[in-house]
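Report on one structure; see the data block that follows.
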Amino acid sequence: MAKKVLPTLQKASVFYYNPNERKVLKINWNPEDHVHESVTPSIKVSIQKSRKDKTPTGWTNVDDLIFETSQRKRKQYDLADEIDNTVLVLKFLSPHDGNYDLIYLYLDGSLSQFKMTSRSETLSTSNKDILAKTLHQSLGYLLVQERENQAILKNIVDTKSQEREERKKLMQDLATIKKNYAKSILNYSLHHLDIISKTFHMKFKLSEDASEKLLTYVGDFESLEDILKKAASAAYNLSFERSQIVIDAGHLILYDYKPKEKAPSKERLESKYTKTVVYLDRYEEAAQRLLLQDKSINGKNVANYCEPSISAAAITINIRSHKENMIALLERHPERWTVLKEHFRPIQNILKDQHLFKIA
């Protein structure tokens with residue numbers, strides 16, 4: 001960009017305060033390359049003195065630049081020397097340390113470079129004043145825009161970072177809520193089993209598998225009482241031991257399918273949906289166990305966690321074969337198979353397809 005604005009710009013030197021390194025750095029620019037480097041101790045004092053000077057623009061000679069020659073070659077100047085002052089110095093207030101950043105532009109002293117004349121005329125003092133003010137205002141405007149853009153970008157980055165942290169905290173809170181709810185379910189179950197034990201004067205206890213299964217329960221507490229009563233009754237009737245009866249996972253029927261069809265068609269409908277319900281219950285139970293262990297609820301994992309385990313391909317085939325029945329059951333019983341609906345992509349897909357079909 002600098003080369004387009006000033007076609008005869010030979011090179012440039014920039015001295016600026018870097019807040020990250022807490023020191024003044026230098027940029028050496030030429031049309032082919034630019035290099036960042038530290039300011040040498042021998043010129044640091046001189047550069048810092050120039051940075052404190054508030055004069056916004058100025059013209060100087062290459063021979064007067066201490067970082068070019070290490071020392072000044074001349075001390076006395078006359079009016080004719082102004083012709084040799086072809087290095088334009090521009091100063092811009094640094095937002096970091098309150099001093100001025102410096103830009104040295106090494107220009108050609110000819111007026112023809114600006115297409116103002118075809119003759120080889122040198123820049124006059126008035127020409128240089130106009131050029132200095134114009135470039136200072138233009139670069140100053142670009143610097144303000146750049147800082148504003150950086151501020152906007154920083155705000156966007158900070159906002160995104162905050163969103164990630166809030167999302168992470170929300171997921172952690174949800175995980176905590178799930179664990180606390182699961183513990184509440186288990187504690188309530190133990191309390192209610194204690195009541196059942198006292199009522200029937202025999203000890204009922206949960207096996208480890210039954211406890212894990214109860215941790216996946218997402219229904220209401222009122223239904224849980226009935227589930228525990230039925231489980232206790234099943235365990236009692238199937239147990240030869242009477243002093244202490246163990247309720248196993250198989251005794252717990254967490255969800256009960258009740259068709260909403262009229263009595264005349266009840267048997268026919270039950271026969272139609274029975275196998276589909278078995279598949280849904282089986283996959284739901286596997287998905288609940290995966291959810292409890294914070295594992296991905298995908299086809300492979302659900303297949304492995306089925307009892308007994310099956311192949312992922314078998315699940316795909318069953319869902320495809322029972323698609324219409326599954327859609328009907330899931331719509332009629334929104335309170336059931338909640339983990340599958342919320343986390344299992346194959347089930348979500350058939351519901352999504354059904355929704356799109358209805359819209360069409």
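The values are calculated or read from the model by the stated rules, or taken from the named source; none is laboratory data. Owing to the predicted nature of the structure, the values given are computational and were not obtained by experimental measurement. For neighbour counting, all protein chains shown are included, and Cβ atoms are generated from backbone atoms with ideal geometry for every residue, glycine included.
State yes or no: is TYR217 touching a helix residue (DSSP H, G or I) at 6+ places or on another chain (Cβ under 7 Å), at pLDDT below 90, crowded, with 20+ Cβ neighbours inside 10 Å and not in a helix (DSSP H, G or I)?
Criteria met by TYR217.
Test of understanding: among SER42, SER50, which residue is over 36 Å from the mean Cα position of the chain (by Cα) and modelled with pLDDT of 90 or more?
Among SER42, SER50, only SER50 is over 36 Å from the mean Cα position of the chain (by Cα) and modelled with pLDDT of 90 or more.
So, LEU224, is that one over 35 Å from the mean Cα position of the chain (by Cα) and more than 30 Å from LEU290 (Cα to Cα) or not?
Considered against the rule, which asks whether it is over 35 Å from the mean Cα position of the chain (by Cα) and more than 30 Å from LEU290 (Cα to Cα), LEU224 comes out as no.
Do you know which residues across the range 312-336 are more than 16 Å from GLU285 (Cα to Cα) and part of a loop (DSSP other than H, G, I, E, B)?
Correct list: HIS322, HIS333, PRO334.
Of the residues that sit in the range 53-73 and are buried (at least 16 other Cβ atoms within 10 Å of the Cβ), in a loop (DSSP other than H, G, I, E, B) and modelled with pLDDT under 90, which one is nearest to the chain's Cα centre (by Cα)?
LEU65
Working only within the range 199-213, note down all residues that are among the hydrophobic types (A, V, I, L, M, F, W, C), in contact (Cβ under 8 Å) with a residue 40 or more places away in the chain and out of contact with any Asp or Glu (no Cβ under 6 Å at 6 or more places or on another chain).
MET202, PHE204, LEU206
Starting from residues that are surrounded by fewer than 13 Cβ atoms within 10 Å (Cβ to Cβ) and of a type outside the set (Asp, Glu), keep the ones in the range 301-331 and report whichever is modelled with the lowest pLDDT.
PRO308
With the condition kept exactly as written, say whether any residue in the range 184-194 is farther than 28 Å from TYR305 by Cβ and not aromatic (Phe, Trp, Tyr).
For the range 184-194, residues farther than 28 Å from TYR305 by Cβ and not aromatic (Phe, Trp, Tyr): present.
Just checking, how many residues over the range 36-71 are of a type in the set (Lys, Arg) and touching a residue at least 24 places away in the same chain (Cβ under 8 Å)?
3
Check off (1) modelled with pLDDT under 85; (2) farther than 30 Å from MET202 by Cβ; (3) buried (at least 19 other Cβ atoms within 10 Å of the Cβ) for ALA360 and give me the number that stays unchecked.
(3)
So, in the range 235-258, how many residues would count as being more than 22 Å from TYR217 (Cβ to Cβ) and modelled with pLDDT under 75?
2
If I ask for residues that are more than 30 Å from ARG242 (Cα to Cα) and of a type in the set (S, T, N, Q), which ones from the range 151-207 would you list?
ASN155, THR159, SER161, GLN162, GLN172, THR176, ASN180
GLN137: under 30 Å from the mean Cα position of the chain (by Cα) and either at pLDDT 90 or above or in a helix (DSSP H, G or I) (or both), yes or no?
No; evaluated as a whole, the condition is false for this residue.
When the residues of the range 74-96 are filtered to those that are of a type in the set (D, E, K, R) and either assigned to a loop (DSSP other than H, G, I, E, B) or modelled with pLDDT under 90 (or both), which remaining residue is farthest from the chain's Cα centre (by Cα)?
ASP78
Just one of the numbered conditions (1) modelled with pLDDT under 90; (2) farther than 15 Å from THR216 by Cα; (3) surrounded by 18 or more Cβ atoms within 10 Å (Cβ to Cβ); (4) not charged (D, E, K, R) is not true of LEU291; which one?
(2)
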